[in-house]
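Notes follow the structure.
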Amino acid sequence: MAEPENKIDFAKISAMDWLKIIAVLVAAAFVLYRCFLPFRAEYAFREAYNLEAQMNSPNLPAERRADAAQKALEKYEKVKKLAPWETYYHIQLARIYETQARQETDPEKKLEKIRQADDIYDLCLKISPTNPWYVMRKAEIYGLYAEIEPDTDKKAELLRQREEKILESGELDQNNGIFQAAVANLYFQKGELDKATEKYLHVLEIDDRTGEAYVMLAEIARRQGQPEKIEELYQTLIVKNPAFPNVRLYLGQIYEQRGQLADAIELYKEEALLDKNNETAYRILGNACYRAREWRNMEVAYNRLTALRPDNADYYLYKAHAQIQQNKLKEALASYEAAQTLRPDDANIRNSINALKARSN
């Protein structure tokens, strides 16, 4: 017995049926296309992110970094089109425009970059109007507009809007130290020290290792004439966040003002050892050792400074002074000669070299 044939007789399909089939195929293709958009967006985003890393790499030539920056922008623009609903992608693009705006010196180009960032932040706020991060970025945009606004009244209005957004971000997330610190900084800048203190203390309730809050509270205590409070805050910060930069320098300077130079030097040494690239710490340490007549420690400090800044003639001169005090005349002569190389027309350095040579003979 012959099996029935299951062939479709296309001649019997009506025009309306063909239209329905085509419509289904088009709809299926559209759905398939939309399904692949997130994957395409993520792939393009990763490419843009890698280009941004090259753009920020100090080890690459300037031309290559500029080329990477342009390509990163193009990729991020593509991502924005592929995933118009994804604010995280948009923010990456807006950040670049904002950074470029801060670096731009030409007012017209600066304004263009600000507007490009502003448009994206506005889009993000339409999608997610209660996100405090986007509100904070909008606040910074108002600040950028204010920088280049020549009209006094308009500038004041822009700054008012900036303040409004900062306060709004703080209200939207009261348990995030970043937004609370921004509000505290705003109050501090306006001279409302009681409100600033309250907010800085709230920041420390959120995270008691937040060094910036201790430093700002110390500055408020200084303005209010509370030296004991300043010392207490710095000591607490050293305990809570011992790696916070330069806190020992701040505390050491308080000790110096009280005549406790030896205690200050110990703090300066600790700060210098924490970060051997901290030029400020070594310079303050070297100066303090000079006042204390600790020539060996002074030489050590300026040895490090000449390594960090071999183009600074003064560092070689101070090192020479410490070496002479230790009767290291040969080493001192080498230090003077290094300084003279940097400042060949300095008669004082030449005289010092001649005097040292005569003393050596």
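The values are calculated or read from the model by the stated rules, or taken from the named source; none is laboratory data. Quantities reported herein were computed from a predicted structural model and do not represent experimental measurements. Ideal geometry is used to build each Cβ from the backbone, glycine not excepted, and the neighbour counts take in all protein chains shown.
Every residue in the range 45-95 that is under 22 Å from Leu123 (Cβ atoms), without any contact (Cβ under 8 Å) to a residue 40 or more places away in the chain and not in a helix (DSSP H, G or I), please.
Hit for the range 45-95 is Pro84, nothing else.
I want to confirm something. Restricting to the range 134-167 and keeping residues that are among the hydrophobic types (A, V, I, L, M, F, W, C) and surrounded by fewer than 17 Cβ atoms within 10 Å (Cβ to Cβ), which single residue is nearest to Thr105 (Cα to Cα)?
Among those that are among the hydrophobic types (A, V, I, L, M, F, W, C) and surrounded by fewer than 17 Cβ atoms within 10 Å (Cβ to Cβ), it is Ile148.
If I ask for residues that are among the acidic types (Asp, Glu) and either in contact with a strand residue (DSSP E or B) (Cβ under 8 Å, 6 or more places away or on another chain) or closer than 30 Å to Ile206 by Cβ (or both), which ones from the range 145-177 would you list? I'd like the intermediate steps shown before the answer.
Pass one, the range 145-177, residues among the acidic types (Asp, Glu): 147, 149, 151, 153, 157, 163-164, 168, 171, 173.
Glu163, Glu164, Glu168, Glu171, Asp173, listed by residue number.
Report yes if some residue within the range 265-288 is surrounded by 14 or more Cβ atoms within 10 Å (Cβ to Cβ) and farther than 19 Å from Val247 by Cβ; otherwise report no.
Within the range 265-288, one or more residues are surrounded by 14 or more Cβ atoms within 10 Å (Cβ to Cβ) and farther than 19 Å from Val247 by Cβ.
Suppose we filter the range 286-320 for residues that are within 22 Å of Leu342 (Cβ to Cβ) and part of a helix (DSSP H, G or I); how many remain? I'd like the intermediate steps shown before the answer.
As a first pass, look at the range 286-320 and keep what is within 22 Å of Leu342 (Cβ to Cβ): 286-287, 290, 298-320.
Now restrict to residues that are part of a helix (DSSP H, G or I): 286-287, 290, 298-308, 313-320.
Count: 22.
How many residues does the range 321-358 hold that are out of contact with any helix residue (DSSP H, G or I) (no Cβ under 7 Å at 6 or more places or on another chain), of a type in the set (S, T, N, Q) and in a loop (DSSP other than H, G, I, E, B)?
Total satisfying the criteria: 1.
Just the residues that are touching a residue at least 24 places away in the same chain (Cβ under 8 Å), part of a helix (DSSP H, G or I) and in contact with a helix residue (DSSP H, G or I) (Cβ under 7 Å, 6 or more places away or on another chain), please, taken from the range 263-279.
Result: Ala264, Ile265, Lys269, Glu271, Ala272, Glu279.
Taking the range 77-90, which residues are within 13 Å of Gln116 (Cβ to Cβ) and at pLDDT 80 or above?
Within the range 77-90, His90 is the sole residue that qualifies.
Could you give me the residue pairs with C-beta distances under 9 Å whose first residue belongs to the range 234-250 and is more than 18 Å from Ile220 (Cα to Cα), whose second residue is modelled with pLDDT of 95 or more and of a type in the set (Lys, Arg) wherever it lies, and which are 6+ apart or on separate chains?
So the pair list comes out as Ile238/Arg248; Lys240/Arg209; Asn241/Arg209; Phe244/Arg209; Arg248/Lys269.
Ala292: closer than 22 Å to Glu256 by Cβ and buried (at least 17 other Cβ atoms within 10 Å of the Cβ), yes or no?
Numbers: closer than 22 Å to Glu256 by Cβ: yes; buried (at least 17 other Cβ atoms within 10 Å of the Cβ): no.
It is false that Ala292 is closer than 22 Å to Glu256 by Cβ and buried (at least 17 other Cβ atoms within 10 Å of the Cβ).
Please work out if Gln103 is within 19 Å of the chain's Cα centre (by Cα) and either buried (at least 16 other Cβ atoms within 10 Å of the Cβ) or at pLDDT 90 or above (or both).
no
With the requirement that a residue be closer than 17 Å to Pro310 by Cα and aliphatic (A, V, I, L, M), what does the range 339-361 give you?
Answer for the range 339-361, where residues must be closer than 17 Å to Pro310 by Cα and aliphatic (A, V, I, L, M): Ala339, Leu342, Ile349.
Can you find a residue in the range 326-337 that is closer than 24 Å to Tyr250 by Cα and crowded, with 24+ Cβ neighbours inside 10 Å? Let's see the steps before the verdict.
Just the residues of the range 326-337 that are closer than 24 Å to Tyr250 by Cα, to begin with: none.
No.
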